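The values are calculated or read from the model by the stated rules, or taken from the named source; none is laboratory data. These numbers come from a predicted model, not from an experiment. Note that we place each Cβ from the backbone using ideal geometry, even for glycine, and neighbour counts take in every protein chain shown.
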Amino acid sequence: MAESQVVISQRGSERLQSGHLWIYRSDIRRADARPGDLVRLTDDRGRFLGRAFYSDRSQIAIRLVTRDDVTVDRAYWTRCIQAAAEYRKRVVRDTDVYRLLFAGSDGVPSLIVDRYGDYLVIQTLSQAAEMRKGEFCEILRELFSPRGIAERNDPKVRLLEGLDQRVSVLAGEIPQEVLARENGMLFAFDLLKGQKTGGFLDQRENRGAARIYASGEVLDCFSYQGGFALSVANAASHVEAIDLSPMAVEAGRRNKERNGISTVTFREANAFDVLKECDEVGRRFDMIILDPPAFAKNRESIPAARRGYKEINLRALKILRSGGYLITCSCSHHISEPLFLQIVAEAANDARRTVVVVERRTQSRDHPIMLTMPETLYIKCFILRVLD
Ligand code: SAH
């Protein structure tokens, strides 16, 4: 059978040349391919550009797999997954919860594999990855012998590919609660019902970094199941952890008990209200952690997101003691690092605080950023110190 072919425009091939891995539908000249095919990519003069995943629905019609004229088969995918796992052995410490494979950043477009101890959770976020789900699972079983593999195919982006929303067990079994270590502490994860694939693995290194600066009274404003709060607990006298979700608060309390920690209080509340109240009653903290959900889900919501980030950062900066630390994060793709820095700077000026940047951080190294694809950098995390 002849190989499926896609011809792209001059603009598309220039985009590939500049290091980008995605080609939009408007740059497709001709497609002799079925949805989800692996295609041979050429420019309009017939020059070979690589092999790629093809989607007939998404605006991202092409996701480049390789620029080389090589066979992309099971052995090829196995090598990619093995290389991804080798890299994690280098960069992941004191943890058996991490992202084993981060899609295009590990050479397998739109496939995510997260490891939670002996269990794996995968996401197949394009037609082509979805079609190869069975094959990917077989390779994962062969390489890692997990006790279970779950799919968390409930992200909204699947709808853009014409794919359904589904959560299921693909192999072995998945217990209701998986216990796994992070930064040397034990956490329980609900792989089928928790947020994302069960936890926010991308913030692991930032949770570890926060420990260095913690002391006295700490406020963790968007705590989920206590990742930051419990991580800094031993260095602080007291930590107050706030989350809007009752499930997250309950999970946080259980994680606290599991680790024999008594100095953290979990409370179900709206962080915006809590920050305002603390300001009004004159409560002060030595560290505040702001790790909200993405306020800007798309371009249209950037102005509202700016206001949201400004508000929480302004209030937090007002109620920090001199010498205190603000750990402030944004996981919105649409808010760039310079913009986020500017928002926080405006907040500091309005709060009349003098602030130094102690660390400019990003997502953990198991979520690699592509040098030539700025959109793969999505977490901004600044550690700031308030001088006076
Ligand atoms: N810091 C966490 C991840 C936070 S994700 C960690 O390291 O694991 C964002 C969290 O904010 C979610 O748990 C969500 O339930 C919570 N949330 C969303 N809006 C909120 C609000 N207005 N007030 C408090 N929590 C909120």
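Each row is one residue, and each column tells you yes or no for (1) surrounded by fewer than 22 Cβ atoms within 10 Å (Cβ to Cβ); (2) among the charged types (D, E, K, R); (3) closer than 30 Å to residue 101 by Cβ.
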site	(1), (2), (3)
281	yes, no, no
297	yes, yes, yes
309	no, no, no
357	yes, no, no
372	yes, no, yes
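One residue stands out in the stretch 162-195 among those that are β-branched (Val, Ile, Thr) and part of a strand (DSSP E or B): the one that is surrounded by the most Cβ atoms within 10 Å (Cβ to Cβ), namely 178.
Filtering the stretch 105-146 down to residues that are among the basic types (Lys, Arg) and more than 16 Å from residue 73 (Cα to Cα), which residue is surrounded by the most Cβ atoms within 10 Å (Cβ to Cβ)? First the steps, then the outcome.
First pass over the stretch 105-146, keeping only residues among the basic types (Lys, Arg): 115, 132-133, 141.
So of that shortlist, the ones also more than 16 Å from residue 73 (Cα to Cα) come out as 115, 141.
Details: 115: 25, 141: 15.
Looking at the filtered set, the residue picked out is 115.
Considering 288, 261, the condition of being within 19 Å of residue 379 (Cα to Cα) and among the aliphatic types (A, V, I, L, M) is satisfied by 288 alone.
So that you can scan it fast, the table gives a plain yes or no per residue for (1) aliphatic (A, V, I, L, M); (2) over 20 Å from residue 327 (Cβ atoms):
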{"residue": "243", "(1), (2)": "no, no"}
{"residue": "248", "(1), (2)": "yes, no"}
{"residue": "260", "(1), (2)": "no, yes"}
{"residue": "279", "(1), (2)": "no, no"}
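Is at least one residue of the stretch 65-74 assigned to a strand (DSSP E or B) and over 25 Å from residue 178 (Cβ atoms)? Can you show your working first?
Filtering the stretch 65-74 down to residues assigned to a strand (DSSP E or B) leaves 65-66.
Narrowing further to those that are over 25 Å from residue 178 (Cβ atoms): 65-66.
Within the stretch 65-74, one or more residues are assigned to a strand (DSSP E or B) and over 25 Å from residue 178 (Cβ atoms).
Residue 155 meets the conditions (1) surrounded by fewer than 20 Cβ atoms within 10 Å (Cβ to Cβ); (2) part of a helix (DSSP H, G or I) in every case but one. The failed one is (2). Would the stretch 259-266 turn up any residue that is within 10 Å of the ligand (Cβ to nearest atom), surrounded by 23 or more Cβ atoms within 10 Å (Cβ to Cβ) and at pLDDT 95 or above? No, every residue in the stretch 259-266 fails to be within 10 Å of the ligand (Cβ to nearest atom), surrounded by 23 or more Cβ atoms within 10 Å (Cβ to Cβ) and at pLDDT 95 or above. Those strands (runs of 3 or more DSSP E) of the stretch 198-307 in which 1 or more residues are aromatic (Phe, Trp, Tyr) and touching a strand residue (DSSP E or B) at 6+ places or on another chain (Cβ under 6 Å) occupy 264-268, 285-290. Only one of 44, 32, 96 is touching a strand residue (DSSP E or B) at 6+ places or on another chain (Cβ under 6 Å), under 30 Å from residue 182 (Cβ atoms) and surrounded by fewer than 17 Cβ atoms within 10 Å (Cβ to Cβ); which? None of the others qualify; the one that does is 96.
Within the stretch 275-295, which residues are of a type in the set (Val, Ile, Thr) and within 26 Å of the chain's Cα centre (by Cα)? Spell out the reasoning first.
Just the residues of the stretch 275-295 that are of a type in the set (Val, Ile, Thr), to begin with: 281, 288-289.
Once the filter is applied, which keeps residues that are of a type in the set (Val, Ile, Thr) and within 26 Å of the chain's Cα centre (by Cα), the stretch 275-295 yields 288, 289.
Within the option set 366, 350, being within 14 Å of the chain's Cα centre (by Cα) and among the acidic types (Asp, Glu) holds for one residue only, 366. When the stretch 289-299 is limited to residues that are modelled with pLDDT of 95 or more and touching a Cys at 6+ places or on another chain (Cβ under 7 Å), the one that is nearest to the ligand (Cβ to nearest atom) turns out to be 291. Contact annotation: residue pairs with Cβ atoms under 6 Å, 6 or more positions apart or on different chains, pairing a residue in the stretch 259-273 that is touching a residue at least 12 places away in the same chain (Cβ under 8 Å) with a partner that is more than 15 Å from the ligand (Cβ to nearest atom), are 263/238.
The condition of being of a type in the set (Asp, Glu), touching a strand residue (DSSP E or B) at 6+ places or on another chain (Cβ under 7 Å) and at negative phi holds for only one of 142, 161, 138, 177, that being 177.
Of all residues in the stretch 208-231, those satisfying the criterion of being of a type outside the set (S, T, N, Q) and crowded, with 24+ Cβ neighbours inside 10 Å are 210, 218, 219, 220, 221, 224, 226, 227, 228, 229, 230. Being closer than 25 Å to residue 314 by Cβ, among the small types (Gly, Ala, Ser) and within 9 Å of the ligand (Cβ to nearest atom) holds for only one residue in 269, 210, and it is 269.
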